[in-house]
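Notes to accompany the following structure.
The values are calculated or read from the model by the stated rules, or taken from the named source; none is laboratory data. Since the structure is predicted, the reported quantities are computational estimates derived from the model, not experimental observations. Cβ: placed from backbone, ideal geometry, glycine included. Neighbour counts: every protein chain shown. Calculation scope for accessible area: heavy atoms of the full protein, side chains included, ligands and nucleic acids excluded. Shrake-Rupley method; radii C 1.70, N 1.55, O 1.52, S 1.80 Å.
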Amino acid sequence: MHHAIIIGKGPAGIQAAIYVARARLSAAVVGLDGGSLREAARIDNYYGLAGPVSGAELQRAGEAQARALGAAFVDGQVVGAGFADGGFYALTPGERLEARTLLIATGAKRAKPPVNGIGAYEGKGVSYCAVCDGFFFRGKKTGVLGYTDYAVQEAIELSAATADVTIYTNGAEPEFSGSLKKEAGAFACVREPIAELFGDGRLEGARLRDGSEVRLDGLFVAYGVAGSADIAKKLGVALTPEGDIATDRGQATNVPGVFAAGDCTGVFRQIAVAAGQGAVAAKGMIAYAREK
Ligand SMILES: Cc1cc2nc3c(=O)[nH]c(=O)nc-3n(C[C@H](O)[C@H](O)[C@H](O)COP(=O)(O)OP(=O)(O)OC[C@H]3O[C@@H](n4cnc5c(N)ncnc54)[C@H](O)[C@@H]3O)c2cc1C
């Protein structure tokens, strides 16, 4: 078991990893890619830069610094998270990590998938968390909206409640990998895009673009990469009314041991802020991990 799992290797996650590693605690950083910094061509408003650098350069330098200090890095998407004995776990397609404390530093929240009616049926058949809500769909006809390993993991969670689970990729090519690619074979997979959801008050089905209709009691959204709100829901972490992760001044969430930092908290979205919040979160995580 690690002392800290850090989800995200942007400025918030890396800065936190640097503090945790320098406190001689073990940090496992799981990151899919360079996050927002990948898209930033030129940064010159961050402290200490002799001249403009690209976001990718800054991310690489931060990651190298954290690695040199002893932080472990796992490349890939976190597709599931929850409580483990004495702490928390995070699942990637190939690995299960456990730690006493966990940081969500997954960057800005993601847009909802482009399916007509999805907002209208939230809580009325549309869910964002199979572990949380799968129980309510025991023996029912369900779908998972998604095309990555995250969708497969949600389908697996859901299959504990019902045998009727279909993955709807909404027109996207499936991007299933590793052992989850094999497990995806257990589920029907429909690639035809969903034109709209329908139902009288509650979700009753989906109309596909080719004109056909499928009956659905529940649709679990796991579209693309699991975002901060998806991970938060699995852990019971409260969100703000805007859908960002709610934290106190120490970056602690409402769940003891779970912290959040950076763009996912909805505060002024800048590198300096993300790094600062990462440092504050690490202070709390170090204290929490040492106490446990
Ligand atoms: C085009 C552009 C230009 C910008 N220019 C500037 C600038 O000049 N100055 C400035 O201060 N700020 C700038 N920003 C903003 C800055 O990039 C962000 O505020 C900062 O990167 C936020 O850091 P973060 O660590 O919170 O998130 P991010 O940097 O977005 O990192 C998020 C991390 O989480 C990972 N992740 C997400 N979901 C998962 C998952 N399910 N499993 C595993 N990993 C996951 C990502 O792969 C990534 O590693 C710019 C942003 C953009 C888009």
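Going through T162, T106, T101 one at a time, which residue ends up being in contact with a Gly (Cβ under 8 Å, 6 or more places away or on another chain), open to solvent by less than 50 Å² (accessible area, probe 1.4 Å), assigned to a strand (DSSP E or B) and modelled with pLDDT of 95 or more?
Sole residue among the options that is in contact with a Gly (Cβ under 8 Å, 6 or more places away or on another chain), open to solvent by less than 50 Å² (accessible area, probe 1.4 Å), assigned to a strand (DSSP E or B) and modelled with pLDDT of 95 or more: T101.
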Within the range 278-292, of all residues that are among the basic types (K, R) and in a helix (DSSP H, G or I), the one farthest from F88 (Cα to Cα) is K283
Looking at V237, V273, V255, V280 in this structure, which one is touching a Leu at 6+ places or on another chain (Cβ under 6 Å), among the β-branched types (V, I, T) and either outside the structural domain of F136 (by TED's automatic domain parsing) or farther than 22 Å from T148 by Cβ (or both)? V255
Testing L208 on (1) touching a Ser or Thr at 6+ places or on another chain (Cβ under 8 Å); (2) open to solvent by less than 50 Å² (accessible area, probe 1.4 Å); (3) more than 16 Å from the ligand (Cβ to nearest atom), one condition comes back false. Which one is that? (1)
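Table: residues versus (1) under 20 Å from T92 (Cα atoms); (2) surrounded by 23 or more Cβ atoms within 10 Å (Cβ to Cβ).
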site: A226; (1), (2): yes, yes
site: G236; (1), (2): yes, no
site: D244; (1), (2): no, no
site: V255; (1), (2): no, no
site: A260; (1), (2): yes, yes
All but one of (1) more than 23 Å from Q153 (Cα to Cα); (2) within 14 Å of the chain's Cα centre (by Cα) hold for L235; which doesn't? (1)
Neighbours by Cβ (under 7 Å, 6+ apart or cross-chain): first from the range 177-191, in contact (Cβ under 8 Å) with a residue 40 or more places away in the chain; second of a type in the set (D, E, K, R): S177/D149; L180/D149
Would you call A275 of a type in the set (A, V, I, L, M, F, W, C), assigned to a helix (DSSP H, G or I) and within 13 Å of the chain's Cα centre (by Cα)? no
Looking only at the range 15-57, which residues are open to solvent by 40 Å² or more (accessible area, probe 1.4 Å) and either among the aliphatic types (A, V, I, L, M) or not assigned by TED's automatic domain parsing to the domain that holds Q251 (or both)? L32, A41, L49, A50
